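Asks: Sharing a structure with you now.
The values are calculated or read from the model by the stated rules, or taken from the named source; none is laboratory data. Only a predicted model underlies this, so the values are computations on that prediction, with no experimental measurement involved. In this analysis, Cβ positions are derived from the backbone assuming ideal geometry, glycine residues included, and neighbour counts consider all displayed protein chains.
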Amino acid sequence: MNDEPTDELDAFLRMARAFPVRTVIFTFGLPVFAVLQLTLGIVYGGSLPFIGLFAAVAVGFSIQLTRWQVATYRRKRVTRQWAGHGQ
């Protein structure tokens, strides 16, 4: 049985508890900024294809950045656990 999504979600939630501000900024801040840009583009008649592309890139970057943060958090936890058992 593969519990990888559950493990990743658990690691994300642990990271969010340990680093709430960083998690909110990287995980939710960039997508909210992208939605605001789209809204401003619609309201003020901006170039929607470029703004849409920017929004897609910002959301994709946010996803990758969050996954990287979770992986780094998990690696640091494993390294600390491993170092603690070696002594």
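Asks: Regarding Val43, is this residue at pLDDT 90 or above, over 12 Å from the mean Cα position of the chain (by Cα) and hydrophobic (A, V, I, L, M, F, W, C)?
Replies: Taking the combined requirement at face value, the residue satisfies it.
One line per residue, one yes/no per condition, for (1) touching a strand residue (DSSP E or B) at 6+ places or on another chain (Cβ under 9 Å); (2) surrounded by 12 or more Cβ atoms within 10 Å (Cβ to Cβ); (3) more than 19 Å from Glu8 (Cα to Cα):
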{"site": "Pro20", "(1), (2), (3)": "no, no, no"}
{"site": "Ala34", "(1), (2), (3)": "no, yes, yes"}
{"site": "Leu53", "(1), (2), (3)": "no, no, yes"}
{"site": "Arg74", "(1), (2), (3)": "no, yes, no"}
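Asks: Which fully enclosed helices (runs of 4 or more DSSP H) of region 1-83 have 2 or more residues being among the aromatic types (Phe, Trp, Tyr)?
Replies: Hits in region 1-83: 30-44.
Asks: Among the residues of region 29-39, are any within 12 Å of Gln69 (Cβ to Cβ), out of contact with any Leu (no Cβ under 7 Å at 6 or more places or on another chain) and modelled with pLDDT under 95?
Replies: Of all residues in region 29-39, those within 12 Å of Gln69 (Cβ to Cβ) come to none.
Checked region 29-39: no residue is within 12 Å of Gln69 (Cβ to Cβ), out of contact with any Leu (no Cβ under 7 Å at 6 or more places or on another chain) and modelled with pLDDT under 95.
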